[in-house]
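> Here it is: the structure, laid out below.
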Amino acid sequence: MSDATDDRPDARVKVCGVTRETDREAVVAAGADAVGVISDVPVDTPREVDADTAGDLLAGVPPLVTGVLVTMPTTVEAAVDLAATVEPDAVQVHGGLSPGELGALGHRLSQDLVVAVDAEADDIADYADAADALLVDSVDAEGGGGTGETHDWERTREVVADLDVPVILAGGLTPENVAAAVETVRPFGVDVATGVERVDGDGSRVGGEKDPETVRSFVAAARRREVAA
Ligand SMILES: O=C(O)c1ccccc1N[C@@H]1O[C@H](COP(=O)(O)O)[C@@H](O)[C@H]1O
C-alpha cells in the first residue's frame, strides 16, 4: 500500500473517546500518535469520563504519544481549570467559545490548543489564529463531535488549502474510508471515535469501547500500510 513515489506525507492519527485502560493500551500498541479522552461535555455520549478518570487515563499515555483532553467549556476559566486537573499534553475544544475567547484560552494554557470547527461553517478561517491546530469535524447542533457522520471532503480540501494552521480531519472516519479521506483532503492528521468501536454480534455498536483489531486497521489505513499479521 505504501508508495515511495507518492508525495503525500503520512497523516498523524488520533484515536478519541478512550474510556478504559485496555483501550488506551490498544490504541498505543496500534501506533496512534495521539489518544483522546472526553470530559465535561453537555452532549449525551458513551465516551465521556469524569475529570479524575480522564487524568488517570492520560497519565498512562507513554512518552512520544500525545494525550489529548477533549471538552466543551462554556467559559475560558472552566477549560483552564479542567486542564489543570487532567494535565493533558493538548486540549481540544468543541462548542461555543468565540475566536476571541479561544485566543484568551490559548494564552492561559501551557498546552497546545486544538479548536474543533463545523466543517459546514463559513467562518472556519476566523478560528485559525486562535488555534495551534484546527479540527474540522461533522458536528451536532451543540457543536459536539462523535457524530459518526462524514462531510463534504472536497469542500474541506479547499478550506485546508487556504489555511496556515495544521488541520485535523474528523467525522465518520473508518478503516474503510480513511485512506480516501486523506487522499482527498491531505490533512495534517485524522481523528476517529465511533469508527473504531466494538460492534456486537447483532451489528449494534458498543459505544465507548474500542475494538483493537479495528483500531489497528484504522491506523494502518490512514498511513496506507498493510496491517501486520
Ligand atoms: O465523541 C464524542 O462523543 C464527542 C463528544 C463531544 C465532543 C467531541 C466528541 N468527539 C470528537 O469528534 C470526533 C469525530 O467523531 P466520530 O469519529 O465522527 O465519531 C472524535 O474523534 C472526537 O474528537
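The values are calculated or read from the model by the stated rules, or taken from the named source; none is laboratory data. Everything numeric here is computed off the predicted structure, so don't read it as measured data. Glycine also receives a Cβ, built like all others from the backbone with ideal geometry; neighbour counts cover every protein chain displayed.
> Tally the residues that are at pLDDT below 95 and in contact with a helix residue (DSSP H, G or I) (Cβ under 6 Å, 6 or more places away or on another chain), restricting the search to region 208-220.
Within region 208-220, residues that are at pLDDT below 95 and in contact with a helix residue (DSSP H, G or I) (Cβ under 6 Å, 6 or more places away or on another chain) number 0.
> A follow-up question, please. With the condition kept exactly as written, say whether any residue in region 122-133 is within 13 Å of the ligand (Cβ to nearest atom) and free of Cβ contacts under 8 Å to residues at least 60 places away in the same chain.
Looking through region 122-133, at least one residue is within 13 Å of the ligand (Cβ to nearest atom) and free of Cβ contacts under 8 Å to residues at least 60 places away in the same chain.
> Continuing with this model, one more query. Could you tell me which of the residues 34, 54 is in contact with a strand residue (DSSP E or B) (Cβ under 6 Å, 6 or more places away or on another chain) and closer than 20 Å to residue 166 by Cβ?
34
> I'm trying to understand the selection: among the residues of region 151-178, which are at pLDDT below 95 and either small (Gly, Ala, Ser) or within 9 Å of the ligand (Cβ to nearest atom) (or both)?
161, the sole residue that qualifies.
> Here's a follow-up. Can you name the condition, by its number, that residue 127 falls short on among (1) touching a strand residue (DSSP E or B) at 6+ places or on another chain (Cβ under 7 Å); (2) modelled with pLDDT under 95; (3) more than 19 Å from residue 34 (Cβ to Cβ); (4) not in a loop (DSSP other than H, G, I, E, B)?
(2)
> Return the residues of region 30-65 that are without any contact (Cβ under 8 Å) to a residue 60 or more places away in the chain, of a type outside the set (Asp, Glu) and over 25 Å from residue 11 (Cα atoms); say none if nothing qualifies.
39, 49, 51, 53, 54, 55
> Regarding residue 10, is this residue modelled with pLDDT under 95, within 10 Å of the ligand (Cβ to nearest atom) and farther than 16 Å from residue 83 by Cβ?
It is false that residue 10 is modelled with pLDDT under 95, within 10 Å of the ligand (Cβ to nearest atom) and farther than 16 Å from residue 83 by Cβ.
> How many of the residues in region 13-23 are surrounded by 20 or more Cβ atoms within 10 Å (Cβ to Cβ) and either within 10 Å of the ligand (Cβ to nearest atom) or over 18 Å from residue 71 (Cβ atoms) (or both)?
6
> I've got another one for you. Return only the number of the condition from (1) over 15 Å from residue 186 (Cα atoms); (2) acidic (Asp, Glu); (3) touching a strand residue (DSSP E or B) at 6+ places or on another chain (Cβ under 8 Å) that residue 137 does not satisfy.
Every listed condition holds for residue 137 apart from (1).
> Residue 156 - would you say it is polar (S, T, N, Q) and not in a loop (DSSP other than H, G, I, E, B)?
yes
> (1) closer than 28 Å to residue 87 by Cα; (2) in a loop (DSSP other than H, G, I, E, B); (3) more than 12 Å from the ligand (Cβ to nearest atom): which one isn't true of residue 142, the others all being true?
Only one criterion is unmet by residue 142, namely (3).
> Can you tell me how many residues in region 141-150 are over 15 Å from residue 115 (Cα atoms) and more than 15 Å from the chain's Cα centre (by Cα)?
Counting residues in region 141-150 that are over 15 Å from residue 115 (Cα atoms) and more than 15 Å from the chain's Cα centre (by Cα) gives 1.
> Hey, another quick one. Could you please find all residues in region 12-23 being assigned to a helix (DSSP H, G or I) and either under 15 Å from residue 135 (Cβ atoms) or hydroxyl-bearing (Ser, Thr, Tyr) (or both)?
22
> Hey, any hits in region 167-179 for a residue that's crowded, with 24+ Cβ neighbours inside 10 Å, at positive phi and within 16 Å of the chain's Cα centre (by Cα)?
Checked against the condition, which is being crowded, with 24+ Cβ neighbours inside 10 Å, at positive phi and within 16 Å of the chain's Cα centre (by Cα), region 167-179 yields at least one hit.
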